[in-house]
Amino acid sequence: MPHCTAVEPGQILLELVDENGATIGTSEKLAAHRAPGLLHRAFSVFLFDPAGRLLLQRRAAGKYHSPGVWSNTCCGHPYPGEPPFLAATRRTSEELGAAPALLREAGTVRYHHPDPASGLVEREYNHLFAGLVTEPLRPDPAEVDETAFVTPGELGRLIDGRAFSVWFHTVLDAARPVIRELTGATAGW
């Protein structure tokens with residue numbers, strides 16, 4: 001049975017899905033993230049520079065969910081009916097001011113991660129993408145406080161000393177096979 005919630009002007013709708021990723025309805029964005037969470041479609045992007053370094057972003061301090069933490073290059077939610085690939089390229093350009101030079105599908109992963117800091121829940125059917133970025137970045141300060149290109153070793157040191165999004169490790173691990181194909185054996189991913 002489809003699930004739909006009423007939406008006020010200016011609110012964002014997310015696409016609710018079943019355990020297999022089939023659309024079953026919509027929900028207002030914040031309502032979908034309140035405990036216990038509603039399973040919804042999302043995407044995560046991992047972009048690399050030509051040297052094989054991963055582009056990370058530190059989420060803007062003003063974001064309602066997971067503010068100020070480090071995370072993958074870009075993540076978000078397609079609009080209802082929007083193909084995840086198009087949503088990933090759209091949001092990457094909107095958040096970072098640079099379009100991917102190459103973007104490949106890297107599978108899907110389902111997870112349910114409570115975020116103790118915000119009290120919100122990430123219950124997502126996440127479409128993963130990996131690619132390259134060659135343009136200079138022009139991050140939107142409302143979305144991104146900081147960016148960094150890191151090697152696997154630098155990422156390990158960054159993880160030891162800083163807060164990361166609750167979904168980061170899950171999506172990175174799920175995307176690793178395609179990331180390794182994309183970056184090559186010498187990059188170390």
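The mean sequence separation of alpha-carbon pairs under 8 Å and at least six residues apart, normalised by the residue count of region 119-189, gives a relative contact order of 46 percent. Within the shell of other residues whose beta carbon sits under 10 angstrom from the beta carbon of residue 178, the net charge comes to +1, with Lys and Arg scored +1 and Asp and Glu -1. Rounded to the nearest 500 deg cm²/dmol, what is the calculated helix-only ellipticity per residue at 222 nm for the chain, with -39500 (n - 2.57) per DSSP H run of length n ≥ 4? Computed mean residue ellipticity for the chain: -7000 deg cm²/dmol. Measure nothing but the geometry: give the 0 to 90° angle between the long axis through the Cα atoms of 84-96 and the longest principal axis through the Cα atoms of the chain, rounded to 10°. The two axes meet at around 60 degrees. All Cα-Cα separations within region 35-107 were binned at 5 Å from zero, giving a P(r) of 3, 14, 24, 25, 20, 10, 3, 1, 0, each value a whole percent of the pairs.
Split the accessible area of region 58-132 by element, probe 1.4 Å, and carbon with sulfur accounts for 57%.
Which shape class, rounded, prolate or oblate, goes with region 69-189 when its Cα gyration tensor gives a ≥ b ≥ c as root eigenvalues, a/c under 1.5 marks rounded, and past that a/b bigger than b/c marks prolate? Cα axes put region 69-189 in the rounded bin. Choose one answer from 164, 129, 46: the residue with the largest mean-square fluctuation in a GNM of the chain with alpha-carbon springs under 10 Å. The residue with the greatest mean-square fluctuation here is 164.
The values are calculated or read from the model by the stated rules, or taken from the named source; none is laboratory data. Keep in mind that this is a model prediction, so the values were computed, not measured. Neighbour counts run over all protein chains shown; Cβ positions are idealised from the backbone, glycine included. The protein model used for the area step is the full one, side chains on, heavy atoms only, and it has no ligands, DNA or RNA in it. Shrake-Rupley method; radii C 1.70, N 1.55, O 1.52, S 1.80 Å.
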